[in-house]
Every structure is written in structure tokens, then in C-alpha cells.
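Rule-based calculations on the coordinates, nothing more; no lab input. This is a predicted model, so every value here is computed, not measured. Every residue, glycine among them, receives a Cβ derived from its backbone with ideal geometry; neighbour counts consider all protein chains shown.
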Amino acid sequence: MTVHPISQHPWEATLLTWAQHAQETTIPAHYVQADRVALDAAYRCCAQITRAASKTFYLASGLLPYEKRRAARALYAFCRVTDNIVDESESPDPFETRAALERWRQLSLDPHPVVGGGGVWSVVALAWSDARCRFAVPTGYAEQLIDGVARDLEK
């Protein structure tokens, strides 16, 4: 029997290269320095965002063990906020939207995001920072998601 190598489409090679590159980026090695009450509230906010935006994902993530469930919902909330910055922007100026996305990038990738005054963004950033650390999520994956959403501004 002859085994033929699996052919790869060009887009697959690109995605694999991006994934490999992101995997080689910084992995947070910190623990979020927030009191337990604030952190629990941040995770509850992420759960509410997930439930409101995707009932199916909310229910499916409910099957995960507690810590993974919280992290999955923080990831979803991070993605939702990122996408909403572009999709729900009230500004007709793409430069303003891009600036908002960059502010979100700084906040959401900060290992110790400041909670308070930043509304839902700061709360989601707090839970996301904790989840990234607990599950050793390379920063590059989050950066690539933000970069991908930013491409929507180039249409």
C-alpha cells in the first residue's frame, strides 16, 4: 500500500505558520492581583455576556469543569468585546475605531488590568488576564484575534 502525503492548501500553511508564531510568544506567568470578590464579579460579567450573545456556547461551556468554564466564558467575552468595538462602532471615522481597538489591546493584554472607571472593558480584561495566566495562553493568540478584527476596518 502506498501512502501519499497529505497536500496542504496555501491558506492552511499560512494558518499553521501563524499558530506556530503565536505559540512562541509570551505566556503570562503572573497571577492577577485582584481581590477574589472583584475577580469573581469579573467572571460573572463574562458569563452574562456569553449568555446574552450566544446561548449555545453558554450552555456548551456549562459542561466544562468550573475553572475551565469560567476561562472559556472569559475568552468568549474577550472575543465579543473585540468584535463589538469594530462592528458596533458609532464613529464613522475608522481611525477612531482603530484607536479604540488599540486601547482595548493595551487593556486586555495588560497582565494587571486596572479595574474601575473602564466599564465592562476593564472587567472583561480582568477575567481574561486571569484566564490567560491560569491556562498559559500565549499572548500572540489574542494579538492575532485583535489584528484579524482590525482587518475589518480595511474594507
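Looking only at the stretch 64-90, which residues have a backbone nitrogen under 20 Å from a spot 7 Å from the Cα of Tyr141 in the C-beta direction?
64-84
When the chain is fully extended, how far beyond the present Cα-Cα distance does Leu59 get from Ala100, taking 0.36 nm per residue of separation?
11.7 nm
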